[in-house]
1. Treating cross-link reach as a plain straight distance, find the lysines whose alpha-carbon is under 16 Å from the alpha-carbon of Lys27, omitting any fewer than eight places away in the same chain.
2. If I compute solvent accessible area with a 1.4 Å probe over the protein chains, what percent of it on the chain is carbon and sulfur?
3. Restricting everything to alpha-carbon atoms, can you work out Rg to Rh for the chain with a Kirkwood hydrodynamic radius?
4. Using each residue's phi in the stretch 73-88, evaluate 6.51 cos²θ - 1.76 cosθ + 1.60 at θ = phi - 60° and report the 3J(HN,Hα) Karplus result to the nearest Hz, with x for Gly and Pro.
5. Can you tell me the accessible area per residue over the chain, all protein chains present, probe 1.4 angstrom, in square angstrom?
6. Under a GNM of the chain (C-alpha, springs under 10 Å), which listed residue has the highest mean-square fluctuation: Glu17, Glu41, Glu70?
7. Given an 8 Å cut-off on Cα distances and at least 6 residues of separation, report the relative contact order of the stretch 1-72 as a percent.
8. Between 0 and 90 degrees, rounded to the nearest ten: what's the tilt of helix 16-32 against the longest Cα principal axis of the chain?
Amino acid sequence: MNKYEVAVVVSARIEEEERVNTVEKVKNYITRFGGTVTNVEECGKKRLAYEIQKMKEGFYYFIQFDADSECPAKMEANLRIMDNVIRYLVVKQEV
């Protein structure tokens, strides 16, 4: 098992309940593909470095998880098509 972290930027235009559901979906993708969520850090609403889809702000979440090497690619395929996710990045953490 490798240690990974996914950074997810969620749209600021949606309601809080829908935002929580989006983060839960991401966590469900991790567990569906054989990973284990170890930590979820919500950094709140922050200004984006540049405008994306006419949005200047987004909610940042950092989710750390343990998984095998196939999980991140499968998860990215699903994150790519989620409507409320503006940007995402999965990185492998150094041990």
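1. Result set, ordered by chain and number: Lys3, Lys74.
2. Details: 2680 of 6020 Å².
C and S atoms contribute 44 percent here.
3. Result for the chain is an Rg/Rh of 0.96.
4. These are the phi-based 3J(HN,Hα) values: 5, 5, 5, 4, 4, 7, 5, 4, 9, 6, 5, 7, 8, 7, 9, 8 Hz.
5. Numbers: 6020 Å² over 95 residues.
Heavy-atom SASA per residue in the chain reads 63 Å².
6. Result: Glu17 has the largest fluctuation of those listed.
7. Working: 114 pairs, mean separation 35.2, N = 72.
For the stretch 1-72, the relative contact order is 49 percent.
8. Relative to the chain, helix 16-32 is tipped by roughly 20 degrees.
The values are calculated or read from the model by the stated rules, or taken from the named source; none is laboratory data. Since this is a predicted model, take the numbers as computed values, not measurements. All accessible areas refer to the heavy atoms of the entire protein, side chains included, with ligands and DNA or RNA removed. Shrake-Rupley method; radii C 1.70, N 1.55, O 1.52, S 1.80 Å.
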